[in-house]
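Colleague: Before I ask anything, here is the structure I am working with.
Read the figures in this text as sums done on the coordinates, not as results from a lab. None of the values given here were measured: they were computed from a predicted structure. With ideal geometry, Cβ positions are generated from the backbone for all residues, glycine too; neighbour counts draw on all protein chains shown.
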Amino acid sequence: MAVKSKPERLVGITVLPEYIQSEGIDAVLHNVVDKAHATAVTTSPYLMEEATEIDGQREPPDDGKAGDVRLLDRSLWNKRELWVGTVPSFVPNTHAYRGLRYQPSKPSALTHQSGRLLNEFIEAAHERGILVLLQIQAAIPPGYRVQFGGPDLDDRPRLPDGRLAPAVLCKNGSLASPEILAYQSALISDLCHAYPDIDGLRFDWPEYPPYFLDTAFTDFGSHAGAAAKRLGFDFEAMRRDAQSLYKKLHGGLSDRGLSAWLDTGAGLLPWVALLTERPGLSELARFKAALVKKLVEHFRQAMDEAGAKDKQLLLNAFPPPWNAVSGMDYHQVAPHSTGIGVKLYTMHWPMMIRAYGDQLLAANPDLSSGLLARTLAKMIDIDDDGLTRIEDYTYPPPNAPHPVGAKAQARKIRQAQSDAGRTPVFSLAHGYGPIDDFERRLRAAYDASTHGVWINRYGYLSDTKLDVIGSLSAGKD
């Protein structure tokens, strides 16, 4: 029997299946419950096995090559870096996917041999009185884990000129694709029947993740065009103004213009100015928000139809102001969500500024790197001080603190909660980084949300970090 949500402040940890396989159920739950005093865990419906560098994916993920400095804190099969493959932890009901473009991954001998491991983990976690959720990808078939899978060419988001974004970190498909929506319905139903005792589903990337500058200018594919017409949005106006801004960013920027933005006090004012100057951009923001809302409604309906009306539906979301271009309107998705986790994955933030900055400097060679760095840092609001030049922003190696401010993180959580109204907003902190910096960021994340914090992921949580979480959970300084 699934346990229900508890009134106390939530402390959750994402524990992916490979550690349940590697360390064992009892050891993992001892660390999560006894050491960290967590009240919830999230896992995913797959099993992992080692692979070759040619056939597999790097674990930990390399985040588009920028994150290949990362190493695991907790060894996985005695390794801190390895190449892996995955198989479903359950035997998919192929009937549910009949006639669909996307099909579930085929079970293997590992599935049949060890597939019950997740059911046993769920049962054991419930015996310890904690919530158990399953995390899946919102728009990356087959959806079990972020690095594995992806949409067909026809279902990929496109730029205003019809091109695919040249660089992407995630493999999200178009949220307007009927094929992706149909597959997600089948997957949700399949999982609700395969794991009837889970307390809910958590959807990762239910939006258009803007890791690179170009991805902020999607979606102008054929599926999006059809959806815009159906929903009453002016697709051509959106395309025209998005292309106009894209052109300005690629050759039309000047130090004088950036200085003028900074003189306004920065913050969200440049974003507001952009939307006012080009009404099609405001239309595009509303259109993306409508697609995200439809997606979340679709997920809730699929869960309800699968007999899971009492199960939680949680979302992992980009923080403000990124959500303005990702489509995550907290106010619109809140009525259909049990809770929303705001990603404070702070090792990504300097990587993103660097990616934006490098592209803009290449297209506007006369720009001052320092002025551009200050402008981007203020617009995105990652630190009150900021770094000196674009070149100073890099993906932090394991022993380096993340160049982000506690006040900036708190502002993002407060804004998201204000927009979400009564729907709980959780901070989503990340375990990657040195211990002192992790403790600093965890405290900022915990203090920012009145509802609690999720920590991603167990593989970056050394025993010392687990003790830090435990002290925080127990109310100790």
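Colleague: What trypsin sites (Lys or Arg not before Pro) in the range 418-462 are in a loop by DSSP, with at most 16 other Cβ atoms within 10 Å of the Cβ?
Modeller: Values: sites: 422, 440, 441, 443, 457; in loops: 422, 457.
The qualifying sites are 422.
Colleague: Which semi-axis lengths, in whole Å and largest first, follow from the square roots of five times the eigenvalues of the Cα gyration tensor of the range 337-445? Intermediate values should be presented prior to the final figure.
Modeller: Working: eigenvalues 143, 60, 24 Å².
Working from the Cα gyration tensor, I get semi-axes of 27, 17, 11 Å.
Colleague: Per the helix-only calculation at 222 nm, which mean residue ellipticity applies to the chain, given -39500 (n - 2.57) for every DSSP H run of n ≥ 4 and division by its residues, nearest 500 deg cm²/dmol? The partial results should precede the final answer.
Modeller: Values: 17 runs with 193 residues, N = 477.
Taken over the chain, the calculation gives -12500 deg cm²/dmol.
Colleague: Now for a separate question. With a 10 Å Cβ neighbour count serving as the proxy for reagent exposure, in which order, fewest first, do 95, 298 appear? The partial results should precede the final answer.
Modeller: On the way: 95 8, 298 19.
Exposure proxy ranking, most exposed first: 95, 298.
Colleague: Computed from these coordinates, which is Cα extents along the principal axes in Å: (1) 83, 59, 49; (2) 62, 54, 47; (3) 81, 53, 47?
Modeller: Matching the structure shown: (2).
Colleague: Can you sort 261, 322, 349, 83 from fewest to most other Cβ atoms within 10 Å of each residue's own Cβ?
Modeller: The fewest-first ordering by Cβ neighbours comes to 83, 261, 322, 349.
Colleague: Tell me, in nm to one decimal, what length is gained between residue 226 and residue 163 on full extension, where the rule is 0.36 nm per residue of separation less the Cα-Cα distance?
Modeller: Details: separation 63, 0.36 × 63 = 22.68 nm, distance 1.75 nm.
Contour length minus the Cα-Cα distance gives 20.9 nm.
Colleague: If you place +1 on the Cβ of every Lys and Arg, -1 on the Cβ of every Asp and Glu, and leave all else neutral, what size is the dipole of the range 138-275 about its Cα centre, to the nearest 20 Debye? Spell out each step's value before the answer.
Modeller: Working: 13 positive and 17 negative charges, 90 e Å.
Around 440 debye, computed over the range 138-275.
Colleague: Let me ask something else. Efficiency by 1/(1 + (r/R0)^6): what FRET value for residue 91 and residue 435, r their Cβ-Cβ distance, R0 = 45 Å, to the nearest 0.05?
Modeller: Values: r = 41 Å, r/R0 = 0.92.
The pair residue 91/residue 435 has a calculated efficiency of 0.65.
Colleague: I've got another one for you. About its Cα centre, how strong a charge dipole does the chain have in debye, to the nearest 20, once Lys and Arg get +1 and Asp and Glu get -1 at the Cβ? List each step's numbers first, then the result.
Modeller: On the way: 52 positive and 58 negative charges, 205 e Å.
Magnitude of the dipole: close to 980 debye.
Colleague: Starting from the Cα of residue 288, draw a straight line to each of the aspartates and glutamates and keep only those under 16 Å, dropping any in the same chain fewer than 8 residues away.
Modeller: Cross-link targets: 155, 207, 214, 219, 234, 236, 241, 297, 329.
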